[in-house]
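This report concerns only the one structure given below.
The values are calculated or read from the model by the stated rules, or taken from the named source; none is laboratory data. Computed from a predicted structure; not experimentally measured. Don't worry about glycine lacking a Cβ; one is built from the backbone with ideal geometry, like all the others, and counts go over all protein chains shown.
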Amino acid sequence: MSEQDQKHMQEAITNYQKLHGKEESKNLYLSTTKGTSEHMTDDMYVTYCGLYCDLCGSRGRIPQRAKNLWDSMAEEGYELWGEEIPQFMEFWTFLTDLCSPEKACPGCQKGGGPPFCSIRKCCKERGHKICAFCKKYPCHRIIALAKGYPTLIADGERIRDIGLDAWIEEQKKRVKTGFVYADIRCYPYSVPED
């Protein structure tokens, strides 16, 4: 096992021990609590375009499924002998990262999402935290994105009607239903750059 692989393995074990105590470290278990980062406020989970980060599969469904696979493999002892399999440590590190919503994507307000996003650029240039607060909402970019995310414009209008904090509370309830945007996303769609 390389020095870097040993470091990653030790980090995973240390994190587990902090959460669950040293006695259970052989059954290394990763916490994947959705949307509970101490360094992000609730409004940081709202994208510039008006989506809610915790309704993205990479912050909910995928970490849960990755954790299930991780748990099954840990139960089989992979963390003890998997290093003998070519490329296992790279896979194990990737799988471990998938278990953490924060590592999957920090949210576009914290630099995640597509770096070329024209909506983010426009919103920042206009001095808005969220497009729904712009007098031109919904603009041609939002209309284009809504072809892929059918709830987008209605959600933006809802933000305007009830306010961001109340809308966030509604989204937290939506998360509890198990809904993610992938359930209704339509392809193809593209957002114009200008």
(request) Kindly indicate whether Leu95 is more than 28 Å from Pro192 (Cα to Cα) and modelled with pLDDT of 95 or more. (result) no
(request) Please work out if Gly82 is in a loop (DSSP other than H, G, I, E, B), among the small types (Gly, Ala, Ser), surrounded by 16 or more Cβ atoms within 10 Å (Cβ to Cβ) and in contact with a helix residue (DSSP H, G or I) (Cβ under 6 Å, 6 or more places away or on another chain). (result) no
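So is Cys139 surrounded by fewer than 18 Cβ atoms within 10 Å (Cβ to Cβ) and in contact with a His (Cβ under 8 Å, 6 or more places away or on another chain) or not?
Numbers: surrounded by fewer than 18 Cβ atoms within 10 Å (Cβ to Cβ): yes; in contact with a His (Cβ under 8 Å, 6 or more places away or on another chain): no.
For Cys139, the condition - surrounded by fewer than 18 Cβ atoms within 10 Å (Cβ to Cβ) and in contact with a His (Cβ under 8 Å, 6 or more places away or on another chain) - is not met.
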(request) Go through the range 151-172 and give me each residue that's surrounded by 13 or more Cβ atoms within 10 Å (Cβ to Cβ) and under 22 Å from Pro192 (Cβ atoms). (result) Thr151, Leu152, Ile153, Asp155, Gly156, Glu157
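So that you can scan it fast, the table gives a plain yes or no per residue for (1) touching a Cys at 6+ places or on another chain (Cβ under 6 Å); (2) within 19 Å of Gly57 (Cβ to Cβ):
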| residue | (1), (2) |
| --- | --- |
| Glu83 | no, no |
| Pro86 | no, no |
| Phe91 | no, no |
| Pro101 | no, yes |
| Gly107 | yes, yes |
| Gly112 | yes, yes |
